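Trainee: The structure under discussion is supplied below as structure tokens; questions concerning it will follow.
The values are calculated or read from the model by the stated rules, or taken from the named source; none is laboratory data. As the structure is a computational prediction, the values presented were derived from the model and not from experiment. Cβ placement follows ideal geometry from the backbone for every residue including glycine, while neighbour counts extend to all protein chains displayed.
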Amino acid sequence: MDAAAALDSLSALAHPTRLDAFRLLVRSEPDGLSTGQLVEASSLSQSTFSSHLAILVGVGLVVSEKRGRQMIQRANLDAVRQLMLYLAKDCCGGRAELCEPLVAELSHCC
């Protein structure tokens, strides 16, 4: 991941509606949620929510797949991993032991 892609992803997440929707999708992995479920959770109109969803899809944080008659939205965990690695890659001047508390906390949260 390069700086431009990281900025695009962070910018997409820098809105409460998009951040909430993305976090909900991460919690809903691996099954994902239908677009209707996301709209309902957001309390927004379909058209307003769709514009937010399009931004997340556009930067690659969310992927859509058709299942029957529904569109299922899923968090792109590979994109999340790339963003997190980009942010932490040079963590603490290459002293990995300083990042161990972060890694430990992540291993206990999921």
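Trainee: Which residue pairs have Cβ atoms under 8 Å apart, sit 6 or more places apart or on different chains, and have a first residue in the stretch 81-110 that is on the phi > 0 side of the Ramachandran plot and free of Cβ contacts under 8 Å to residues at least 60 places away in the same chain and a second that is surrounded by 11 or more Cβ atoms within 10 Å (Cβ to Cβ) and part of a helix (DSSP H, G or I)?
Mentor: Correct list of pairs: CYS92/LEU98; CYS92/CYS99.
Trainee: I've got another one for you. Tally up the residues in the stretch 51-90 that are in a helix (DSSP H, G or I), of a type outside the set (A, V, I, L, M) and surrounded by fewer than 14 Cβ atoms within 10 Å (Cβ to Cβ), please.
Mentor: The number of residues fulfilling the criteria is 4.
Trainee: Any idea which residue in the stretch 42-74 is nearest to ALA21 (Cα to Cα), counting only those that are out of contact with any strand residue (DSSP E or B) (no Cβ under 6 Å at 6 or more places or on another chain) and hydroxyl-bearing (Ser, Thr, Tyr)?
Mentor: Per the criteria, the residue is SER42.
Trainee: Go through the stretch 22-58 and give me each residue that's over 10 Å from the mean Cα position of the chain (by Cα), β-branched (Val, Ile, Thr) and closer than 18 Å to ALA6 by Cα.
Mentor: Listed by number, the list holds a single entry, ILE55.
Trainee: Hey, another quick one. Condition first: at pLDDT 95 or above and more than 12 Å from the chain's Cα centre (by Cα). Can you find one or more residues in the stretch 72-81 that meet it?
Mentor: Yes - at least one qualifying residue is present in the stretch 72-81.
Trainee: Restricted to the stretch 1-50, and to residues that are part of a helix (DSSP H, G or I) and of a type in the set (D, E, K, R), which residue is nearest to TYR86 (Cα to Cα)?
Mentor: It comes out as ASP8.
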